[in-house]
1. Anything in segment 110-132 that is at pLDDT below 85, open to solvent by less than 40 Å² (accessible area, probe 1.4 Å) and assigned to a loop (DSSP other than H, G, I, E, B)? List them, or say none.
2. Can you tell me how many residues in segment 197-212 are surrounded by 15 or more Cβ atoms within 10 Å (Cβ to Cβ) and assigned to a loop (DSSP other than H, G, I, E, B)?
3. When you go through (1) surrounded by 15 or more Cβ atoms within 10 Å (Cβ to Cβ); (2) farther than 19 Å from L119 by Cα one by one for D139, which number turns out not to apply?
4. Suppose we filter segment 35-45 for residues that are under 20 Å from P207 (Cα atoms) and open to solvent by less than 70 Å² (accessible area, probe 1.4 Å); how many remain?
5. Look through segment 165-185, keep the residues that are open to solvent by less than 20 Å² (accessible area, probe 1.4 Å) and in contact (Cβ under 8 Å) with a residue 60 or more places away in the chain, and return whichever of them is nearest to I52 (Cα to Cα).
6. Going by the conditions given, is R29 over 19 Å from the mean Cα position of the chain (by Cα) and of a type in the set (K, R)?
7. Check off (1) at pLDDT below 90; (2) in contact with an Asp or Glu (Cβ under 9 Å, 6 or more places away or on another chain) for T135 and give me the number that stays unchecked.
8. Would a scan of segment 25-34 turn up a residue that is of a type outside the set (D, E), touching a Pro at 6+ places or on another chain (Cβ under 8 Å) and open to solvent by 70 Å² or more (accessible area, probe 1.4 Å)?
Amino acid sequence: MSARAVCTLRVALILAAASMGWGCVPALRPLTGAPSKAALPRAELPVGYRQIVFDWDLEDRELSGRGEGVARVAAPDSARLDLFLAGGFGSGAAVLIADSLQVTGGSVARRFIPSPPLLWATLGRLAVPPAKDTTARVDGELLRVDIGMPTNWRLTFRKDSLVRLERVRGGRIIEWVERSGAVVRYRSEEARRALTLTIKRVQEVQPFDASIWGPF
């Protein structure tokens, strides 16, 4: 086979792989329900300091793991999540202050910690960058909101609670967070990576020591 033929074959294989990966990413469906001009729920953190203890489970194409974790949350816009690998073989932490994110624990931890808007969504806080174009529809007890033109984010609320946040690119859902009772799920459709948090207990606590926020 000639060098030119080999090069052409390589390009074809790369394009085919990219096409297959993109095909696994779900398309964003049109909003359903009645048009709404209702004000966007604020979906803020409850006032005070909370500690949330949870189990976590990671599924990835290259690795998997599980363990325990704790989130320390300070309203209105500060949170720290610590993840401990089962068996005591490793740990990682993510510190969120407004839209600033610090992650410790090396490259593995950085792989499955989502971006600030999605990480905030795991805690029920809405922190999506503002955009002029917004479309909202009410479908039963759910309010769904598309932000951007074309859509960059889709938000789903039940009453005043944020229950799902989807990041959209090119008309497809790239990644999402969904909150249902004590279970919080994050999935990257592009990376085929899923992180599930199962909340075991939530308690109000005294203010945290300033050292937990870094720097690291």
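The values are calculated or read from the model by the stated rules, or taken from the named source; none is laboratory data. It should be emphasised that the depicted structure is a prediction, and the values quoted were computed from it without experimental measurement. Note that we place each Cβ from the backbone using ideal geometry, even for glycine, and neighbour counts take in every protein chain shown. Side chains are part of the model used for accessible areas, which takes the heavy atoms of the whole protein and leaves out ligands, DNA and RNA. Shrake-Rupley method; radii C 1.70, N 1.55, O 1.52, S 1.80 Å.
1. Listed by number, the list is empty, since nothing qualifies.
2. 1
3. (1)
4. 1
5. If we filter segment 165-185 for residues that are open to solvent by less than 20 Å² (accessible area, probe 1.4 Å), which is where we start, we get 165-166, 168, 173-175, 177, 184.
Still in the running and in contact (Cβ under 8 Å) with a residue 60 or more places away in the chain: 166, 168, 173-175, 177, 184.
Numbers: E166: 23, V168: 29, I173: 28, I174: 27, E175: 24, V177: 18, V184: 12 Å.
If we take residues in segment 165-185 being open to solvent by less than 20 Å² (accessible area, probe 1.4 Å) and in contact (Cβ under 8 Å) with a residue 60 or more places away in the chain, then V184 is nearest to I52 (Cα to Cα).
6. For R29, the condition - over 19 Å from the mean Cα position of the chain (by Cα) and of a type in the set (K, R) - is met.
7. (1)
8. The first filter runs over segment 25-34 and keeps only residues of a type outside the set (D, E), leaving 25-34.
Next cut, touching a Pro at 6+ places or on another chain (Cβ under 8 Å) only: none.
Looking through segment 25-34, none of the residues is of a type outside the set (D, E), touching a Pro at 6+ places or on another chain (Cβ under 8 Å) and open to solvent by 70 Å² or more (accessible area, probe 1.4 Å).
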